[in-house]
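Down below is the structure, laid out as structure tokens.
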Amino acid sequence: MKSNIITISNFLSISRILLLFPFIYFYEEDYRYIAFIIALIAISTDWFDGQVARRTNTVSELGKVLDPVADKICALVAVGYFLWKNELPLWFVLIVVVRDVAIFFGGIFLKYRYQVLTTALPIGKWAVGFLSLIFVWIIWPNPSSTTLLLKDVCIVITTVLLMVSFVQYLWRMLNIIRGKSYTNL
């Protein structure tokens, strides 16, 4: 485990947050193609940062924290923005926000109380993947009834994955608090 702060994977995580600003600017100015490309780049950094860290042996404690924090910042800003643009329903945004805030503060609690740094569970990664697909369908440069249907289908799938993953995160947290074994994939 490297302790180096300046790594390519950490740069990718930070760039994901920074890409929010040009994305929102171009989306607001109705440059949908440019906004779409920026969004795809930002979404891809989530996959690449972990791959780069593992393949270059530059996994760091900072990266283990920075990646999920970047994910949560991007998700919360995006759902808030698309709620404001009337592209997402309030109930869905509340599920995303409550889950992410609870997991974030639960992780901080576990780190400082039990010295356990938890990582994302596979179903949580799938939930983030489908959340990203929702954003793709919202910003698709040539929206149609098909893209609206795909967005709605992804909202349903994402909601189920968010709820199931939240239960799994709570279960893992309870196991850690009880001193039982837990899976930290």
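The values are calculated or read from the model by the stated rules, or taken from the named source; none is laboratory data. Just so you know, these numbers come straight off a predicted model, no measurement behind them. Glycine also receives a Cβ, built like all others from the backbone with ideal geometry; neighbour counts cover every protein chain displayed.
Determine whether residue 96 is modelled with pLDDT of 95 or more and surrounded by 13 or more Cβ atoms within 10 Å (Cβ to Cβ).
Against the criterion (modelled with pLDDT of 95 or more and surrounded by 13 or more Cβ atoms within 10 Å (Cβ to Cβ)), residue 96 qualifies.
I'm checking my understanding of the structure. Among residues of region 116-130 that are aliphatic (A, V, I, L, M) and part of a helix (DSSP H, G or I), which one is farthest from residue 165 (Cα to Cα)?
The initial filter retains those residues of region 116-130 that are aliphatic (A, V, I, L, M), namely 116-117, 120-121, 123, 127-128.
Subset that is part of a helix (DSSP H, G or I): 123, 127-128.
On the way: 123: 6, 127: 8, 128: 10 Å.
Here the residue is 128.
So, in region 1-44, of the ones that are in contact with a strand residue (DSSP E or B) (Cβ under 9 Å, 6 or more places away or on another chain) and of a type outside the set (Lys, Arg), which residue ends up surrounded by the most Cβ atoms within 10 Å (Cβ to Cβ)?
The residue in question is 9.
Let's see how each residue does on (1) closer than 23 Å to residue 129 by Cβ; (2) among the β-branched types (Val, Ile, Thr); (3) in contact with a Phe, Trp or Tyr (Cβ under 6 Å, 6 or more places away or on another chain):
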position	(1), (2), (3)
14	yes, yes, no
17	yes, yes, no
36	yes, no, no
45	yes, yes, no
53	yes, no, no
56	no, yes, no
61	no, no, no
66	yes, no, no
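Check 98, 116, 136 and return the single one that is farther than 20 Å from residue 158 by Cβ and more than 12 Å from the chain's Cα centre (by Cα).
The conditions single out 116.
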